[in-house]
C-alpha cells in the first residue's frame, strides 16, 4: 500500500510509472484495495475488473523493456456503464441490456488505453442516463461519499462517487448535466466538452444532439489532460468536430504558481440576468456570492449578460431529449441483443421485452418523447422546442461577444436526501435548471467545487465557454479551484 | 392540449410499452399531464425559425465516405442475440394468425 497515491494526480501517476519510479501493479493494488474496501458503503461500481491487474503487469514489463506506455501509464480509470469497453458488459444500469457484452471499445476509451490507462471497472448510473440521482439504476443505489444518506447526483453518480473516494479519473457522460451535477454533489471536477469535441462512438446514445463523454477528476489539470487525450475528430462519429484540439494543459499551466490576486486579470466573466438566485437554497445563494467575490479578487471583470430563453431551457431540453430518446431506444426491443420476454408473436414480444426490461422513469420519458413527436403535437412541442433552442443558442452567441466565460451555480442545492425526489419527476427535472441550457447550445461546461452548503455538503460553480474553447473554461476553473480549496471528503470507517 | 387516459394509451401503443394495471396507468397519466403542462410555457419564449438544413452548428453533421469497411464480426453479433441459429437471428413468429392476445 502506498498511502500517498491519492495525493498524486493522474498525470503524476502516469509520469512516475512510465519513468519506472512507480510500479503500475502497485498503483493497481493500492486503488483496488481502497475502492473494494469502500464499495460496500458507496455502491459506486457495478463491477470492478479484478482481471485488469494483468494489464498493469504488462505495462510494468513494457517500462522494463524500454517501451513508453504513454502519459496515463498505469492510471486506473472507471467507466460509466454506458461507455463501451471491448469484451466487457455494457448495461446502462438497465435490465433490458443485462448480459450484453460490448464487441468494441468507445473511441474515447481506446485513446486512453493507447495512452497507458488501465480500465478499473464500470460505474453505476441512472438507467440509460435518465435521472439526476443515480437512484434510477435497475441494480443498486449509489451513496454520496460525503454523506451516505444523500444522493451522489446523476446520472454519472457512480463515476463521481468513485473519484470522490480517491480514484484519479473516471469517465461520465453528460446529456443535460449528468457529469456536472454529480461532480458538484461529490465535491470534484466534472467537464462536459463542447458538442462534437469528444467522439460519441461507443457511447450508448440517449439524446444524440447533446450527449457527450467527459472526465470526472479531483482537479482541473487532470480534466484538461484527459480531455486532450480523448478529444478530436473521429471518422466513426459524423458529429465529431474537425476543429484543432487545443493544448489544454498549457492553458492551466502557471496558474498554480500564482494563486494570488491577478491570475484572471483581463478575463471577462458573465453572469446572466435571468439566473433566479431565489431558487438557491440551503446556503447555495451565499456560496454563489462568495464565488463571484473570489472571481473578482482574482482580477476578473464581472459583467451582466442577457440570455432571455434561459428560463425555457428545462422544458426545451425535456421535449427534445425525450423525443430523441424515444427514437434511439426503439432499438431496445429484445430481438438483436438484450433481454427478450414473450415469444408467442413479434408484436407481443416487443411490448413484453420493453415493458419488463425498462424502468418507470425510462418509460415515462419515452412516452413523453413519443407524445412530442406524434401527429397533432409535433409542431406544438418538438417543433417549438427546436425553435426556442435555436433562439437560445443565438442569445448565448451574442452574450459571448461581450464576455469570455459565463458562470452559474452548477445546481441550486447541494446533494439531496436519498428518496427525496423519487416520487416527483418534475421536481427532479427542475433541479437541472442551470445545466440544460449549455447542453442545448453545445457549449463546453465545467463544474468546479465552490464551497459547502449549510449541511457541510459540496456545491459547485459552473463555467461555460464558447464552443470549442475549453482552454478558457479550464483556465478560469483552475484559477478558481486554487483559490477555493475544499476540505477533504470525510473518511469512512477504515478508509 | 388534451392528454388523457385514451391519449396516453395510444402513445404507449406507439412506443410499444405496456403501462401496467389501472393504478399504474392513472399515476402515469397524472405525471405526464403535469410535465406536459410545464412544457406549455415554451410558447412564451422567443423562437427562431429553422435555417436551411445543415447550417445549424449543433445538429449538422458530415457525411461518411461511401466505401466498404470492416463489419462487426458475425460471431460477436450472435453472441449477444437472445437466440441465433445457423448464422441467423431467431425472432418470434411475425405472421398475424399466430398472435396471442
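For region B:38-62, the tally of residues that are within 7 Å of chain A (Cβ to nearest Cβ) and either exposed (fewer than 10 other Cβ atoms within 10 Å of the Cβ) or at pLDDT 85 or above (or both) stands at 10. The residue of region A:26-51 that is nearest to residue A:172 (Cα to Cα), among those that are in contact (Cβ under 8 Å) with a residue 40 or more places away in the chain and surrounded by fewer than 19 Cβ atoms within 10 Å (Cβ to Cβ), is A:47. Suppose we filter region A:100-137 for residues that are more than 22 Å from residue A:169 (Cβ to Cβ) and either buried (at least 21 other Cβ atoms within 10 Å of the Cβ) or in contact with a strand residue (DSSP E or B) (Cβ under 7 Å, 6 or more places away or on another chain) (or both); how many remain? So the count comes out to 10.
Step by step: first the residues of region A:341-368, then only those that are in a loop (DSSP other than H, G, I, E, B) and modelled with pLDDT of 95 or more, then the one that is surrounded by the fewest Cβ atoms within 10 Å (Cβ to Cβ). Which residue is that? Break it down into steps so the answer makes sense when it comes.
Step one: list which residues in region A:341-368 are in a loop (DSSP other than H, G, I, E, B), which gives A:341-345, A:358-359.
Keeping just the survivors that are modelled with pLDDT of 95 or more gives A:358-359.
On the way: A:358: 24, A:359: 19.
So, considering only residues that are in a loop (DSSP other than H, G, I, E, B) and modelled with pLDDT of 95 or more, the one surrounded by the fewest Cβ atoms within 10 Å (Cβ to Cβ) is A:359.
Screening region B:8-24 for residues that are in a helix (DSSP H, G or I) and at pLDDT 95 or above and picking the one that is farthest from the other protein chains (Cβ to nearest Cβ) gives B:9. Restricting attention to region A:152-185, the residues that are within 15 Å of residue A:211 (Cα to Cα) and in a loop (DSSP other than H, G, I, E, B) total 8.
Among the residues of region A:348-367, those identified as over 24 Å from the mean Cα position of the chain (by Cα) and within 7 Å of chain B (Cβ to nearest Cβ) are A:348, A:349, A:350, A:351, A:354, A:355, A:367.
The residue that is surrounded by the fewest Cβ atoms within 10 Å (Cβ to Cβ), counting only those in region A:64-76 that are within 10 Å of residue A:116 (Cβ to Cβ) and under 23 Å from the mean Cα position of the chain (by Cα), is A:71.
I'd like to know if region A:422-432 contains one or more residues that are within 8 Å of chain B (Cβ to nearest Cβ), touching a helix residue (DSSP H, G or I) at 6+ places or on another chain (Cβ under 7 Å), in contact (Cβ under 8 Å) with a residue 60 or more places away in the chain and closer than 16 Å to residue A:131 by Cβ. Within region A:422-432 (the criterion being within 8 Å of chain B (Cβ to nearest Cβ), touching a helix residue (DSSP H, G or I) at 6+ places or on another chain (Cβ under 7 Å), in contact (Cβ under 8 Å) with a residue 60 or more places away in the chain and closer than 16 Å to residue A:131 by Cβ), the answer is yes, since at least one residue qualifies.
The rows are residues; the columns are (1) assigned to a helix (DSSP H, G or I); (2) away from chain B (no Cβ under 14 Å); (3) more than 30 Å from residue A:356 (Cβ to Cβ).
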| site | (1), (2), (3) |
| --- | --- |
| A:37 | yes, yes, yes |
| A:40 | yes, yes, no |
| A:53 | yes, yes, yes |
| A:72 | no, yes, yes |
| A:77 | no, yes, yes |
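Out of B:78, B:83, one residue alone is surrounded by 14 or more Cβ atoms within 10 Å (Cβ to Cβ), at pLDDT 85 or above and more than 7 Å from chain A (Cβ to nearest Cβ). It is B:78. For residue A:443, the conditions (1) touching a strand residue (DSSP E or B) at 6+ places or on another chain (Cβ under 6 Å); (2) within 11 Å of chain B (Cβ to nearest Cβ); (3) on the phi > 0 side of the Ramachandran plot all hold with the exception of (3).
Which of the residues spanning region A:396-408 are part of a helix (DSSP H, G or I) and either crowded, with 22+ Cβ neighbours inside 10 Å or in contact with a strand residue (DSSP E or B) (Cβ under 9 Å, 6 or more places away or on another chain) (or both)? Across region A:396-408, the qualifying residues are A:396, A:398, A:399.
Let me confirm something: among A:436, A:410, A:370, which residue is under 26 Å from residue A:331 (Cβ atoms) and more than 9 Å from chain B (Cβ to nearest Cβ)? The unique qualifying residue is A:436.
The values are calculated or read from the model by the stated rules, or taken from the named source; none is laboratory data. On a predicted model such as this, the values are computed, not experimentally measured, just so you know. Note that each Cβ is placed from the backbone with ideal geometry, even for glycine, and that neighbours are counted across all protein chains shown.
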